[in-house]
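A short worksheet on the structure shown next.
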């Protein structure tokens, strides 16, 4: 079974803090993704990576950065957390193009 | 870029009835259309997908149809059961940046199946 794990299910941070969200997949997938999920807005792509050290901006990259130093791990970084970044964050991975994306359980981040 | 619209946003049906969710997309080069189901407290999970060389695909009680000319595709669930209650997302992929497998998602449909 493909497994995508996220470091935390729930996280509470203060405005201005630097926040790291970690994602690990165990199926040697090439592609990894970070999405943000808000009610009524679906899944919005923040960043994706199709290879180690490669990254591309998604639809809403402002205020976020990412790191992929190893194939199995994709990190989302909030350089200076703000209240409008309170959301559910979902990580996903896929083998390649036109393939199923496997999602982690999500991290609910609250920024106070 | 691609734009995917999904309707309805909420859908309530009686157990045993059928449910239909519709999506339209804007990029005529899109050629992969997955559907995901998200249960409470979990990440989305693929339930069915269709590629542009196929007009319809069926898997037990679930079917997806694709009309490339009109740029729309639909999810059909027959004989609904309470465990079908979830949020469903459509997505479109292909065209721009195909190699990265980047999908554009609809806003989701909350399906409630009443016993």
Counting only residues that are within 13 Å of chain B (Cβ to nearest Cβ) and out of contact with any helix residue (DSSP H, G or I) (no Cβ under 6 Å at 6 or more places or on another chain), how many does the range A:82-112 have?
20
Does residue B:106 count as within 14 Å of chain A (Cβ to nearest Cβ) and at positive phi?
no
If I filter the range B:51-61 for residues that are at pLDDT 95 or above, within 13 Å of another protein chain (Cβ to nearest Cβ) and closer than 22 Å to residue A:31 by Cα, do I get at least one hit?
no
Could you tell me whether the range B:10-28 includes any residue that is touching a strand residue (DSSP E or B) at 6+ places or on another chain (Cβ under 9 Å), over 23 Å from residue B:112 (Cβ atoms), touching a residue at least 40 places away in the same chain (Cβ under 8 Å) and facing chain A (nearest Cβ under 10 Å)?
no
Search the range A:34-81 for residues being more than 13 Å from the chain's Cα centre (by Cα) and not in a loop (DSSP other than H, G, I, E, B), and hand back the single one that is nearest to the other protein chains (Cβ to nearest Cβ).
A:42
For residue B:82, the lone unmet condition from (1) away from chain A (no Cβ under 14 Å); (2) in contact (Cβ under 8 Å) with a residue 24 or more places away in the chain; (3) under 26 Å from residue A:96 (Cβ atoms) is (3)
Of A:95, A:78, the only residue that is modelled with pLDDT of 95 or more and surrounded by 14 or more Cβ atoms within 10 Å (Cβ to Cβ) is A:78
Using the structure shown, decide if residue B:42 is out of contact with any helix residue (DSSP H, G or I) (no Cβ under 9 Å at 6 or more places or on another chain) and free of Cβ contacts under 8 Å to residues at least 24 places away in the same chain.
yes
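The values are calculated or read from the model by the stated rules, or taken from the named source; none is laboratory data. Since the structure is predicted, the reported quantities are computational estimates derived from the model, not experimental observations. We place every Cβ from the backbone using ideal geometry, glycine too, and count neighbours over all the protein chains shown.
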